[in-house]
Amino acid sequence: MKKLASLTGAAILGMGVLSIPMLALAAQPTYVELVDTGRLVARGAAVVVSVEIACTDDTHSTDVIVGVTQRVGNQITRGGGQTHVDNCSSTTQTVPVLVQPNEGSGRFGNGSALADAYAQSCDEFFISCGSLQDQEEIRIRK
C-alpha cells in the first residue's frame, strides 16, 4: 500500500511538471506598445490612440483598452475606449482605439497626455487567457 501511495504521488507530480510548458504556451499578447502620437478628433470630443500589438498564434480573441489623462488648462480630462481584434497573430499590427472623455470631463486638447494600453487575449474556448499593459506619455495633435 505504501508503494502505491508513492507511485500515485509521483504520477501527480509528473503530470503537474508536464503541464507547466502548456501554461507558457497560453494564448496571450506578446507585444503591446502605445504609439507616441494621438490624433485629436471633432475638436477634442475624442482622440484616436494607436496601439501596436502581437499575440501568440493560437490567439482567438483580443480586446484592447486605452485610457488617457490630460491636463487642459486648469482641468484634468480623462477618458477611455476599447476595440476588439479578431486576427491578432505573431505579426505586429497597429490598432486604432477611439478614446472619448468621461461624462463630466472636458474636451481633449493639443499637447502631452498620459496613456495606458491594456490588451487581453484568449484561445478559442476562452480557457487560456493572458494580458499585457503599457503606459506612456503621448502627444495629442490635430
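The values are calculated or read from the model by the stated rules, or taken from the named source; none is laboratory data. All values reported here derive from a predicted model rather than from experimental measurement. Reconstructed Cβ throughout: ideal geometry from the backbone, glycine too, with neighbour counts over all protein chains shown.
Numbers at a glance
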{"item": "Cross-chain or 6+ apart pairs with Cβ under 6 Å, segment 120-137 first and under 17 Å from ALA54 (Cα atoms), then surrounded by fewer than 18 Cβ atoms within 10 Å (Cβ to Cβ) and aliphatic (A, V, I, L, M)", "result": "SER128/ALA26; GLY130/ALA26"}
{"item": "Filter pass, THR8 being at pLDDT below 95, part of a strand (DSSP E or B) and surrounded by fewer than 19 Cβ atoms within 10 Å (Cβ to Cβ)", "result": "no"}
{"item": "Residue in segment 71-81 that is exposed (fewer than 10 other Cβ atoms within 10 Å of the Cβ), under 25 Å from GLU137 (Cβ atoms) and modelled with pLDDT of 90 or more present", "result": "yes"}
{"item": "GLU103 vs. criteria surrounded by fewer than 18 Cβ atoms within 10 Å (Cβ to Cβ) and either closer than 16 Å to THR30 by Cα or touching a strand residue (DSSP E or B) at 6+ places or on another chain (Cβ under 9 Å) (or both)", "result": "no"}
{"item": "Strands (runs of 3 or more DSSP E) (entirely within segment 39-142) containing at least 3 residues that are touching a Leu at 6+ places or on another chain (Cβ under 7 Å) and of a type in the set (A, V, I, L, M, F, W, C)", "result": "46-55, 111-122"}
